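*Asks:* I have a structure I would like to understand better, so I am pasting it below and will then ask my questions one at a time.
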Amino acid sequence: MKKITLRSGDQMPALGLGTWKADESTYPAIREAIKIGYRHFDCALRYENEKEVGRAIRDAIKEGQVDRQSIWLTSKLWNNAHLSHDVRPGLEESLMNLGMDYLDLYLMHWPVALKPDVIFPDKGSDFLSLEQAPLIDTWRALEECIDAGLCRNIGVSNFSIKKLKDLRNRARIAPTCNQIELHPFLQQKELVEYCLGERIAVTAYSPLGSKDRPARLHQDDEPILLQHPEIRSIAGIHDCTAAQVLIAWALQRGTSVIPKSANPNRLRENYQAQNITLSEDDMRRIGNLDRHYRYIHGAFWTIDGSPYTLTTLWDEPIS
Ligand SMILES: NC(=O)c1ccc[n+]([C@@H]2O[C@H](COP(=O)([O-])OP(=O)(O)OC[C@H]3O[C@@H](n4cnc5c(N)ncnc54)[C@H](OP(=O)(O)O)[C@@H]3O)[C@@H](O)[C@H]2O)c1
């Protein structure tokens, strides 16, 4: 399996399994995934299934299928735990849910802060601004979690070049990873290039177009990645599926990728995408599909009265 070497020297399996929305299938999906060969699991406190992920991994360890050292476990700090004194308890809650004593990677889920008692905002007063909860303060508390041995690597998610630069300039420990939405409709070439140039690993989320995300995040006229004729045509050339083309493309760009599936056949199909090599012509054709389209658009952080706007969230003009 291809691995990505992080600046700490740790090696993260490039292909991982997403766990958002796996719901009641989480336990069987993780058990099946381990049998297939997956060793990297992407979790978050907010996915509300860390207990099942942890139980599945611990059962596989107990049964001698894997050991903890061969598993890569990522989790994420939720937005309502950005204040310095809430960061370590946030990580400890994930560790308790997972039944583990360390994480391989812990990410700041979003560059957005909520008041401690708010899980999802429904009014402007539910937020803390970045002046009230500066990202660098949250980061410094994450650095202390490394010192305390609770996680081996720390990183961020949904960060722009601007926010990464600000953090890099002030951090003691540089971010090791930026997990962002990436697929042919949202290629973010400049951001990927910046990260890789700074030895910040990039993980591609929603690589298949996240069709099972909640209805409120869907747009009426959204493009369907898995059905795009160009992707299907390339799949035809390689006698593989559209999903496999999307995963192979992400791996060939030098990113890590975490497609979610809770279905045994699709888990296997996605895992086997590692064996596909796209040609230069395939890569060029896929390169032409970019339309800067976000499935996870972030508008839920910019409701009326919020201190965040789409422009300040992504640090880019919004068309
Ligand atoms: N950091 C962040 O803010 C953030 C945001 C979003 C996602 N993520 C992470 O990234 C992971 C992946 O993203 P995602 O869950 O949004 O979406 P995704 O992986 O792009 O898509 C998941 C959807 O694709 C289906 N699927 C999986 N394999 C398939 C295949 N071979 N053929 C056809 N359909 C297939 C799944 O259905 P079945 O399960 O039925 O197969 C599910 O409906 C998440 O689970 C999460 O771990 C992180």
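*Asks:* Compute the relative contact order of the chain as a whole-number percentage, counting only Cα pairs closer than 8 Å that sit 6 or more residues apart in sequence.
*Replies:* Reported as a whole number, the value is 20 percent.
*Asks:* Another question about this same structure. May I ask you to give the solvent-accessible area per residue for the range 13-314, in square angstrom, as obtained with a 1.4 angstrom probe?
*Replies:* 41
*Asks:* Which value, in debye to the nearest 20, gives the size of the charge dipole of the range 86-195 about its Cα centre, when Lys and Arg are +1 and Asp and Glu are -1 at the Cβ?
*Replies:* 460
*Asks:* Shape of the range 13-314 from its Cα gyration tensor (a ≥ b ≥ c, root eigenvalues): rounded if a/c is under 1.5, otherwise prolate when a/b > b/c, or oblate?
*Replies:* Judged from the Cα gyration tensor, the range 13-314 comes out oblate (a/c at least 1.5, b/c at or above a/b).
*Asks:* For the peptides 51-58, 125-132, what is the packing order when you average, over each peptide's residues, the other Cβ atoms within 10 Å and list the highest mean first?
*Replies:* Sorting 51-58, 125-132 by mean packing, highest first, produces 51-58, 125-132.
*Asks:* Let me ask another. Is the shape of the range 121-205 rounded, prolate or oblate, going by the alpha carbon gyration tensor and its root eigenvalues a ≥ b ≥ c, with a/c under 1.5 for rounded and a/b larger than b/c for prolate?
*Replies:* Oblate.
*Asks:* Moving to a separate point now. What residue among GLU50, GLU198, GLU190 has the largest mean-square fluctuation in a Gaussian network model of the chain, using Cα springs under 10 Å?
*Replies:* Result: GLU190 has the largest fluctuation of those listed.
*Asks:* Classify the range 52-136 as rounded, prolate or oblate from the Cα gyration tensor: take a ≥ b ≥ c as the square roots of its eigenvalues, call it rounded if a/c is under 1.5, otherwise prolate when a/b beats b/c and oblate if not.
*Replies:* prolate
*Asks:* Moving to a separate point now. Treating only the Cβ of Lys, Arg, Asp and Glu as charged (+1, +1, -1, -1), what charge dipole size does the chain show about its Cα centre? Round to the nearest 20 debye.
*Replies:* 600
The values are calculated or read from the model by the stated rules, or taken from the named source; none is laboratory data. All figures in this text were calculated on a predicted structure; none of them were measured in a lab. Cβ sites come from the backbone with ideal geometry, for glycine too, and all protein chains shown count toward neighbours. In case anyone asks, the SASA skips ligands and DNA or RNA and just uses the protein heavy atoms, side chains included. Shrake-Rupley method; radii C 1.70, N 1.55, O 1.52, S 1.80 Å.
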